Amino acid sequence: MYSDLLHALPDVFGLSNFIAVVIGVIAGIVVGAMPGLSATMAISVLVPFTFGLEPLVALGLMAGIYNGAMYGGAIPAVLLRIPGTPAAVATTFDGYPMAQKGEGGYALQVAVVSSSIGGIASAFALMLLAPPLSKVTLLFGPAEVFWVAVFGLASIIFLLGGNPVKGLISACFGVFVSVVGADPIYGTDRYTFGQLELFDGINIVILLVGLYALPPVIDLLETPLKTDGINSSSLGTEPIWKALPRMGRFWKTWIRSSFIGIWIGILPGAGGSMAAFMSYNEARRASKTPDTWGKGEPEGVAAAETANNADTAAALIPALTLGIPGTAVAAVMLGGLLVHGLQPGPMLFRDNPDIVFGFMWQFLFGAILLVLLGGSLATNSFARLLNLPRPLLGSVIVVLMLIGVYSIHGRMFDVYMMLGFGAIGWVMDKLDFPLPPVVLGLILGSFAEENLRLALRIGRGDWSVLFANVTSLILVALTIAVIVGPVIKRRLIDTKKPAEEV
């Protein structure tokens, strides 16, 4: 089962693939260090520029950016008390008090070492768990694959938290976008409105850049950076190899937080923020000196950063094997796979083993490079990026977005469409509509339609073919449980509140 994993290792050591991971890690740290930017936005902007690259090179850039950005968010969290990424919120609890006491450099060193350890653990989890899960899913036929797609949509809608109705609306919008273009069987036009540019459907890159990259840039330009944070130019710290002995006492926290992050990462819709908070609370509960937490306890930084990085590769376990992304970044990465002709799901492991297993190795190397690159550069060079003017940064990102989208087909129609999706994404963000269901609806919509129609053709139009075996029935039961579970839980909470008030 793991022979393909070893067989893919030599390809990863190619010069271009290795350089891609290095560049990705550096770029990810830079992006994560800028408040308001995120790995999701960075990868969305990157995808259009990877068309001419080899798949492993493109995926290496994505893996590096993901690893780097998750740590980079700790830089403003420690220095400015502003989380660079949502998952870095828990890092501010003890990171900023450490910086106020003159230990900002040490806090960043704890963060980068912990991030690297969490990333390494997550990469190993991806390597160990994804192959056997893909072997099981290879036994699925069209009916089972259809129910997997339905289960994926239901999971991301009802497990994201918040309002399930808004999640359902977002997913339906994504499914609608997926059916625009020519019918895959009969070739008739669907929702093209006479536009020849829509005959081939809506390119997923245009949707990703519009929904995920443009709204954060608008917010970046709208919100001025005002803070009484630590002066990043005056950071001084000892070399990281001298600081490592002081971190030896965190080994229990690193192990516990890695398991929490991996577990949360596998759950669809949970994300690094939940992992960081759960890990921080568990580490504080297990601490012998809980009163020092929140006042500059470096173990708090270690707990939060380990967990939010252990979430990274683990979120790709359901994404690569079932097509169900655990986080928004994983959803964007699925779009990156599709751009290079790689269909997420069990067939990915059968048809492209060298690429998918090479991608796993790149995640591992990205986590290792994180401590080598971030530990030596973050406290000096990257921290100074916080002083860049936001209008300049936002303008550069917008220009890159326009160039990237225009380069897809060389036409302004794509640019206008991207701006339209950007406006829709900005409105959805302001109204608290989740964006991951849109991407998942686009990815799984056509996938579910194709397998549904194939299953019905095999069954000669008999709908009972969708419920003909135990696997299908189990997937139907899981889908119903995912939909009904939150409703029952909410009803129980609503009935419990009046009883408590009485």
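The values are calculated or read from the model by the stated rules, or taken from the named source; none is laboratory data. Owing to the predicted nature of the structure, the values given are computational and were not obtained by experimental measurement. Please note: Cβ atoms are built from the backbone with ideal geometry, for glycine as well, and neighbour counts cover all protein chains shown. The area values use the complete protein model at the heavy-atom level, side chains included, leaving out ligands, DNA and RNA. Shrake-Rupley method; radii C 1.70, N 1.55, O 1.52, S 1.80 Å.
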Spin-label point model (7 Å from Cα, Cβ direction): what's the residue 411 to residue 199 distance in nm? 0.9 nm
At a Förster radius of 35 Å, what calculated FRET efficiency corresponds to the Cβ-Cβ distance of residue 492 and residue 53, to the nearest 0.05? 0.10
Region 1-68, accessible area per residue, ligands and nucleic acids excluded (1.4 Å, Å²): 35 Å²
Please give the per residue accessible area of region 247-345, computed with a probe of 1.4 Å over protein heavy atoms only, in Å². 32 Å²
What does the accessible area of residue 340 come to, in Å² to the nearest 10, when a probe of 1.4 Å is used? 40 Å²
Of the peptides 244-255, 195-206, how do they stack up when ordered by the mean number of other Cβ atoms within 10 Å, highest first? 195-206, 244-255
Provide, as a two-decimal number, the C-alpha radius of gyration of region 89-135 over 2.2 N^0.38 Å, N being how many residues it has. 1.69
Distance between modelled label sites at residue 101 and residue 222, nm, 7 Å Cα→Cβ extension: 3.8 nm
Between residue 188 and residue 478, what is the FRET efficiency for a Förster distance of 45 Å, r being their Cβ-Cβ separation, to the nearest 0.05? 0.85
Would you pull out the residues with amide H under 5 Å of residue 141's amide H, same chain only if 5 or more places away, H placed 1.01 Å from N? none
Given Cα pairs under 8 Å that are at least 6 residues apart, what percent is the relative contact order of region 261-363? 29 percent
May I ask you to work out the translational diffusion coefficient for region 332-371 at 20 °C, viscosity 1.002 mPa s, via Stokes-Einstein with Rh from the Kirkwood sum over Cα pairs, reported in whole µm²/s? 196 µm²/s
Taking R0 as 45 Å, what FRET efficiency do you get between residue 351 and residue 431 from their Cβ-Cβ distance, rounded to the nearest 0.05? 0.70
Of 282, 222, 144, which has the most accessible area and how do the rest follow, probe 1.4 Å? 222, 282, 144
Once the whole set of protein chains is in place, how much accessible area is left on residue 59, using a 1.4 Å probe, in Å² to the nearest 10? 0 Å²
Per residue, in Å², the accessible surface of region 393-445 once ligands and nucleic acids are set aside, probe 1.4 Å: 42 Å²
Subtracting the Cα-Cα distance from 0.36 nm times the residue separation, let me have the gained length for residue 18 to residue 423 in nm, one decimal. 142.1 nm
Order 115, 395 by their accessible area, 1.4 angstrom probe, all chains in place, largest first. 395, 115
Enter the accessible area of residue 416 (Å², nearest 10), with the probe set to 1.4 Å and all protein chains included. 140 Å²
Expressed in nanometres to one decimal, the distance between label points 7 Å along Cα→Cβ at residue 246 and residue 165 is 5.3 nm
